[in-house]
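The values are calculated or read from the model by the stated rules, or taken from the named source; none is laboratory data. Source: prediction; values computed, not measured. Glycine also receives a Cβ, built like all others from the backbone with ideal geometry; neighbour counts cover every protein chain displayed.
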Number of protein chains: 2
Amino acid sequence: MTESDGRTRRRDATRRKIFEAAVALIAEQGFSGTTVDEIADRAGVAKGTVFYNFASKTALYEELLRYGVGLLAAESRSAIEGLPPREAIAALIGAQLSYIQRYRAFAQLLLAEMWRTNREWQQTILLVREQAISVIVEVLEAGVASGEFPPELDPRISASALFGAGLVVALDWLLFSPERPVEEVQAGLLAVLRTRPSL
Amino acid sequence: MTESDGRTRRRDATRRKIFEAAVALIAEQGFSGTTVDEIADRAGVAKGTVFYNFASKTALYEELLRYGVGLLAAESRSAIEGLPPREAIAALIGAQLSYIQRYRAFAQLLLAEMWRTNREWQQTILLVREQAISVIVEVLEAGVASGEFPPELDPRISASALFGAGLVVALDWLLFSPERPVEEVQAGLLAVLRTRPSL
DNA sequence: AAAACTGAACTGACCGGTCGGTACAGAAAC
DNA sequence: GTTTCTGTACCGACCGGTCAGTTCAGTTTT
């Protein structure tokens with residue numbers, strides 16, 4: 001299935017251009033605040049091309065959500081591979097921060113949509129949410145099971161807390177003091193947490 | 001200035017109805033995803049009445065932001081009054097949680113808009129943000145100054161982390177296990193934090 | 001040749017804001 | 001106390017404009 005014939009490559013490139021334009025614009029203006037004409041413009045592509053590559057604006061959006069969160073989950077999992085719980089948490093935060101640094105627009109978008117109710121794509125959102133959180137929950141559960149974290153630590157609440165803290169800290173960092181190195185922010189974030197790694 | 005004239009009372013009631021309808025709908029669907037017709041409908045009021053009471057959809061939205069965050073800041077400040085840093089943090093979290101419990105729609109809305117850029121109301125958002133965060137920063141700074149918190153604790157980063165953790169935990173709580181009592185969630189959240197209060 | 005893309009024209013639904021008009025509480029005139 | 005008047009609050013049909021999505025004949029790329 002690794003098509004690398006010229007046509008598919010071209011098509012993939014176009015899709016990605018549209019994709020990135022859409023993420024950036026929707027993060028800035030929200031879904032309904034963004035027009036397909038704008039997306040096409042920013043992608044440097046004709047409007048017809050957007051609809052040639054995606055069934056609808058909504059379909060584009062759902063695909064975009066799934067893709068972005070899949071990437072985050074994958075990077076998180078590979079970052080914690082083989083690490084004991086304490087180090088895993090630090091690694092998780094590091095991965096989250098650097099991910100948001102690279103795909104800041106996507107993080108904004110995620111934050112904006114994650115707790116919305118009554119949407120047609122509610123189902124997609126829930127799936128996406130679960131994918132992002134479950135990595136953290138697993139690490140915390142392993143840590144509690146091995147006695148490394150105190151048993152009173154509620155894995156779901158803690159995972160939400162970590163996730164939320166990471167998101168907000170990262171976005172604030174990129175918005176207000178983007179010159180600070182990741183490590184500094186990571187350390188700052190870890191300092192608030194009870195679960196300190198040896199680092 | 002406490003006008004309790006029949007007309008003014010009626011008008012205030014109408015404004016509040018529109019207000020509440022707008023918060024709920026915008027939280028669910030976003031600003032551009034919500035139509036003025038919907039707001040009027042949910043408020044049980046004619047569309048013209050919305051524009052009679054608010055200059056524009058945007059003006060309504062900005063007023064709504066300022067009002068909501070003002071309330072949060074006020075409750076936070078009164079919750080920490082006279083408390084030493086550690087207890088103040090616990091109180092802050094408690095206040096934040098119970099605020100979000102009452103005005104969940106507003107919290108969603110805040111989360112969705114806070115890191116958006118390129119909007120006409122960017123200025124309003126920044127003000128609102130600062131108002132919410134500064135309460136936390138002050139407590140943290142006082143704690144570091146008095147030696148109660150370690151000096152390596154970065155107040156701004158920590159404040160963002162606390163704020164983000166609180167928001168996300170609260171929204172998850174209300175969405176997925178609203179039957180749990182506040183205290184339990186508060187305790188769960190505090191357990192993740194290094195800064196434990198004596199309670 | 002065929003797949004991918006272009007770009008402009010078009011449609012029909014929808015949406016923010018307007019505006020002429022109505023209802024009615026309370027003041028003024030009697 | 002009743003009638004008349006007045007301005008505020010509210011109503012809802014309507015207008016001008018915007019936008020998602022379609023269509024399609026032509027162009028470029030493979």
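Some notes on this structure:
- Residue within the range A:127-137 that is at pLDDT 95 or above and buried (at least 21 other Cβ atoms within 10 Å of the Cβ) present: yes
- Unique residue being within 12 Å of chain A (Cβ to nearest Cβ) and free of Cβ contacts under 8 Å to residues at least 24 places away in the same chain when the list is B:Arg102, B:Arg119: B:Arg119
- Top-ranked residue in the range A:183-199 [being touching a Gly at 6+ places or on another chain (Cβ under 9 Å) and either at pLDDT 95 or above or within 27 Å of A:Ala27 (Cβ to Cβ) (or both); ranked as surrounded by the fewest Cβ atoms within 10 Å (Cβ to Cβ)]: A:Glu183
- Verdict on A:Val69 being among the aliphatic types (A, V, I, L, M), touching a helix residue (DSSP H, G or I) at 6+ places or on another chain (Cβ under 7 Å) and within 16 Å of DNA strand C (Cβ to nearest atom): no
- Matching helices (runs of 4 or more DSSP H) fully within the range B:1-117 where at least 2 residues are away from DNA strand D (no atom under 16 Å from the Cβ) and either among the small types (Gly, Ala, Ser) or surrounded by fewer than 18 Cβ atoms within 10 Å (Cβ to Cβ) (or both): B:6-29, B:57-80, B:85-102, B:104-113
- The number of residues in the range B:14-46 that are of a type in the set (A, V, I, L, M, F, W, C) and either modelled with pLDDT under 90 or under 23 Å from A:Gln122 (Cβ atoms) (or both) comes to 9.
- All positions within the range B:143-182 that are surrounded by fewer than 16 Cβ atoms within 10 Å (Cβ to Cβ), closer than 30 Å to A:Gln122 by Cβ and either touching a residue at least 60 places away in the same chain (Cβ under 8 Å) or not acidic (Asp, Glu) (or both): B:Leu175, B:Phe176, B:Ser177, B:Pro178, B:Arg180, B:Pro181, B:Val182
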